[in-house]
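What follows is one structure encoded as structure tokens, with my remarks underneath.
The values are calculated or read from the model by the stated rules, or taken from the named source; none is laboratory data. Values in this document were obtained by computation on a predicted structure and should not be read as measured data. Because the Cβ atoms are built from the backbone with ideal geometry, glycine has one as well, and the counts that use them run over all protein chains shown. For accessibility, only protein heavy atoms count, side chains too; no ligands or nucleic acids. Shrake-Rupley method; radii C 1.70, N 1.55, O 1.52, S 1.80 Å.
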Amino acid sequence: RFFLENVRESDINPEAKKQLLSAAHDHMITFPEFQAWLIRATKVDPGLKNTFAAEHYHASIGSSHAETEHSWNKHTMSQNLRRMQYAVRGEVVIRADAMAAEGRKIIYTNIGNPHAVGQKPITYYRQVLSLCDLPPECGVDNPTVASGFPADVVERARELRAAIGDAGTGAYTNSQGIGKFRNDVAQFISARDGHISLPSNIFLTNGASSAIEFVLTGLIGGNRDAIMIPIPQYPIYSAIISRLGARQVGYYLDEDKGWAITERELEQRRTAAVERDGLDIRALTLINPGNPTGQVLSREDLEVICKFCAKHDSKHGVAT
């Protein structure tokens, strides 16, 4: 009762409080019931469910199977993880996998995965990678290497192998990535942007998702922390924010203006989050080119964002 009397409507999904009060009239609410309701009430998208996966699981174990209450279960697990939603790998994809298993032809468009739908990999990269992975006597130092690989591929592979070292690609590297590669990245950024880029500030990751998780983990410190993210967005942002126990503050892109960002939208969303909800905005996320919208932000859009962050003394940002 104390919770229901003190919780703010802005902290839960619409109708959630009404649903719980209605259920409380019928019977005494148990803690597991309240916990399950709380997960639904605080999800970013209360309509996003994984009912197909649950039905498939119960069908796989058989209706006669007696469920055992283990010490680690949906009530004792991390409730942030339980609340987390990742639509890109969610119910639609699970259902598609089941249809594919039945022999249906499925074209997956839930992620950018061009090779899966028939695009051929770029030969140069694959050839260089193969020579880096192969033992030198079977690859770059083999007398017949020129008959199987172009000269520029062999030259590049030798450069990379020298940077990697004698241990080869199977060994652990510096936690920030191989030094020579970070030097190359820093030189590229300096040449492109016209200012100094330090290799010591470069972190190489196995894709953008892990980099996003690293940055958000470092920024978020409590459940009143918030991250501003564009809407539409790539769902990994809302998923990781939920898992870390923080809040997302969505700012909507203007579709009629080519998915542009407006100062008015940013100000309104920030004001509501800070002054009404008492949140501490830790960063603003910028996705450029847009995902899933595909637009490239104009200089004017970027200036709007930079001035907004400077105005509100936001020293942090997440960009992909």
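Could you tell me whether any residue of the stretch 237-256 is free of Cβ contacts under 8 Å to residues at least 40 places away in the same chain, farther than 17 Å from Ala208 by Cβ and assigned to a loop (DSSP other than H, G, I, E, B)?
Yes, the conditions are met somewhere in the stretch 237-256.
Looking at Ala211, is it farther than 22 Å from Tyr124 by Cα and under 19 Å from the mean Cα position of the chain (by Cα)?
Yes.
Keeping to the stretch 54-97, report how many residues are loosely packed, with under 10 Cβ neighbours inside 10 Å, farther than 28 Å from Ile111 by Cβ and modelled with pLDDT under 70.
7
Scan the stretch 281-320 for residues that are modelled with pLDDT of 90 or more, of a type outside the set (Lys, Arg), under 21 Å from the mean Cα position of the chain (by Cα) and open to solvent by 60 Å² or more (accessible area, probe 1.4 Å) and jot them down.
Once the filter is applied, which keeps residues that are modelled with pLDDT of 90 or more, of a type outside the set (Lys, Arg), under 21 Å from the mean Cα position of the chain (by Cα) and open to solvent by 60 Å² or more (accessible area, probe 1.4 Å), the stretch 281-320 yields Pro289, Val296.
Quick check: anything in the stretch 187-197 in contact with a helix residue (DSSP H, G or I) (Cβ under 9 Å, 6 or more places away or on another chain) and touching a residue at least 12 places away in the same chain (Cβ under 8 Å)?
Checked against the condition, which is being in contact with a helix residue (DSSP H, G or I) (Cβ under 9 Å, 6 or more places away or on another chain) and touching a residue at least 12 places away in the same chain (Cβ under 8 Å), the stretch 187-197 yields at least one hit.
Kindly list, by first and then second residue, each pair from a residue in the stretch 133-147 that is in contact (Cβ under 8 Å) with a residue 24 or more places away in the chain to a residue that is assigned to a loop (DSSP other than H, G, I, E, B), limited to pairs with Cβ atoms under 7 Å and residues at least 6 apart or on different chains.
Within 7 Å, the pairs are Asp133/Thr169.
When you scan the stretch 98-207 for helices (runs of 4 or more DSSP H) that lie fully inside it, which ones turn up with 2 or more residues that are over 27 Å from Val88 (Cβ atoms), small (Gly, Ala, Ser) and open to solvent by less than 90 Å² (accessible area, probe 1.4 Å)?
Once the helices (runs of 4 or more DSSP H) in the stretch 98-207 are filtered for at least 2 residues that are over 27 Å from Val88 (Cβ atoms), small (Gly, Ala, Ser) and open to solvent by less than 90 Å² (accessible area, probe 1.4 Å), what remains is 145-148, 151-164, 179-193.
Just the residues that are β-branched (Val, Ile, Thr), in contact (Cβ under 8 Å) with a residue 12 or more places away in the chain and either over 16 Å from Arg224 (Cα atoms) or out of contact with any helix residue (DSSP H, G or I) (no Cβ under 9 Å at 6 or more places or on another chain) (or both), please, taken from the stretch 271-316.
If the condition is that a residue be β-branched (Val, Ile, Thr), in contact (Cβ under 8 Å) with a residue 12 or more places away in the chain and either over 16 Å from Arg224 (Cα atoms) or out of contact with any helix residue (DSSP H, G or I) (no Cβ under 9 Å at 6 or more places or on another chain) (or both), then Thr285, Ile287, Thr293, Val304, Ile305 are the ones that fit.
Looking at Gly245 and the list (1) over 30 Å from Glu300 (Cβ atoms); (2) touching a Pro at 6+ places or on another chain (Cβ under 8 Å), which single condition is not satisfied?
So the condition that Gly245 fails would be (2).
Which ones in the stretch 257-283 are in a strand (DSSP E or B) and in contact with a Gly (Cβ under 6 Å, 6 or more places away or on another chain)?
Result: Ala283, single match.
For the stretch 245-270, what are the residues that are touching a helix residue (DSSP H, G or I) at 6+ places or on another chain (Cβ under 9 Å) and open to solvent by less than 50 Å² (accessible area, probe 1.4 Å)?
Listed by number, the residues that qualify are Gly245, Ala246, Val249, Gly250, Tyr251, Leu253, Asp254, Ala260, Ile261, Thr262, Leu266, Glu267.
So, in the stretch 215-231, how many residues would count as being assigned to a loop (DSSP other than H, G, I, E, B), touching an Asp or Glu at 6+ places or on another chain (Cβ under 9 Å) and not small (Gly, Ala, Ser)?
1
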